[in-house]
Amino acid sequence: MPEKNQDKPVKKIDFFITSDTFPSISVTGNSCSLMCQHCKGKLLQRLIPATTCEELEKKALALHARGAKGILLTGGCDERGSVPIRSIIPAIKKLKEKTDLIIIAHTGFITLEEAELLKDSGLSGIGFDVMGDMDAVKEVYGLNVSEKDYIDSLRAISDSGLSVFPHVCVGIHFGKLGKELRALEMISSIVPSTVIITGLMPVAGTPMEHIKPQPSDFEKVIKKAIEMFPITPVVLGCAHSSGKDRAMIEKTALLCGVSGIAAPTMGTIEFAKKNGYEINFYGTCCGLIPDEKTRIEMGKNELTD
């Protein structure tokens, strides 16, 4: 009799659902000095505003009372490409004293001193967008920076002891695949906790509102990321196009072997079920390593079509 293949690996996928359990708060409200070509401040309008320590503490406590497991602190950037997270460190400290909220942040460019202060405040980790094409950075973000500026920030976060989950955005240069693979090489200068692949989201009212990246470009970047970071989770982040392309990109990511997908469509979940994947749902940002405390039951009202 032929032997049964008992060593066949189990296919696993983590789905991250964060709408109510891990909301995003803008510490600058709708304000942003950069007004990048892909956003123009529109994305900030979808977030919960909290521009002072008092406002942040009050709103975060209310979210915690309603069952939130954590919060993402983000916001608009100043002219240097930094989010003023440092200004609300007192509120982070108070929230960590009063609650068990997981608090993470998008900081933009950051120094070691700032990262260490955030670590001491109780912050758990930082998501950091990495670009490999400095010409694209100038054309999209309006910033004159170098690869060294990106690598210095990555190392500052890592050296502070904070978890760092770098993001690489496919097609951010007006939908075209550029130097995303170079961005992955820059990330390899540190040991990230997670590598997150995102994609250009077409936002109404911006110069890129009708532009979408090619789904096939995601495959190239995801495969390279998995090859370069074999023991690090590679996750498809919540921003990854829209409409039919979104579902196509998710299926591609699943078949490439990503560890997780944020904000999946119902079609992707059904595809994973039919194809024998072991599925777990978590109510946190996809940059965080899943654990039993953050596991949730699937809520259909929280999923996209």
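The values are calculated or read from the model by the stated rules, or taken from the named source; none is laboratory data. Model, not experiment: these values are computed from the prediction. Note that we place each Cβ from the backbone using ideal geometry, even for glycine, and neighbour counts take in every protein chain shown. These accessible areas exclude ligands, DNA and RNA; they are computed on the full protein's heavy atoms, side chains included. Shrake-Rupley method; radii C 1.70, N 1.55, O 1.52, S 1.80 Å.
A simple spin-label model places pseudo-atoms 7 Å from Cα toward Cβ; at Arg295 and Asp20 they are separated by 2.0 nm.
What FRET efficiency do you get for Tyr277 and Ala65 if R0 is 35 Å and r is their Cβ-Cβ distance, rounded to the nearest 0.05?
Efficiency for this residue pair is about 0.50.
Per the 1.4 Å probe, what fraction of the accessible area of region 2-139, in percent, lies on carbon and sulfur atoms? Please report the intermediate quantities before stating the final value.
Details: 3400 of 7000 Å².
Carbon-and-sulfur percentage of accessible area, whole number: 49.
What does the extension gain come out to for Asp78 and Ser33, with contour length at 0.36 nm per residue minus their alpha carbon separation?
Using 0.36 nm per residue and subtracting the Cα-Cα distance, I get 15.7 nm.
How many angstrom lie between the C-alpha centres of region 187-235 and region 64-87? So the two Cα centres are separated by 22 Å. A 1.4 Å probe, protein heavy atoms only, puts the accessible area of Ser216 near 60 Å². Accessible area per residue for the chain is 48 Å², calculated with a 1.4 Å probe on protein heavy atoms, without ligands, DNA or RNA. Of the GluC sites (Glu not before Pro) found in region 41-120, the ones in coil according to DSSP and having at most 15 other Cβ atoms within 10 Å of their Cβ are Glu79.
In sequence order, region 145-157 has phi-based couplings of 9, 10, 4, 4, 4, 5, 5, 4, 5, 4, 5, 4, 5 Hz under the Karplus curve 6.51 cos²θ - 1.76 cosθ + 1.60, θ = phi - 60°, and Gly or Pro positions carry x.
From the Cα gyration tensor of region 212-296, with a ≥ b ≥ c the square roots of its eigenvalues, which class applies: rounded if a/c is under 1.5, or else prolate if a/b is larger than b/c, or else oblate? It comes out oblate by the Cα gyration axes.
Just checking the listed ones, Pro84, Pro207, Pro23: in the Gaussian network model of the chain with Cα springs under 10 Å, the one fluctuating most is Pro207. Annotation: for a label point projected 7 angstrom from Cα along Cα→Cβ of Lys96, residues of region 109-139 with backbone N closer than 13 Å are 115-126.
Sequence neighbours fewer than 8 away in the same chain don't count; with that in mind, list the lysines whose C-alpha is under 19 Å from Lys12. Once the sequence-local lysines are set aside, what remains near Lys12 is Lys223, Lys251, Lys273, Lys274, Lys293.
Using the rule -39500 (n - 2.57) for each DSSP H run of four or more residues, divided by the residues of the chain, the 222 nm mean residue ellipticity is -10000 deg cm²/dmol.
Counting heavy atoms of the protein chains alone, His173 has an accessible area of about 50 Å² for a 1.4 Å probe.
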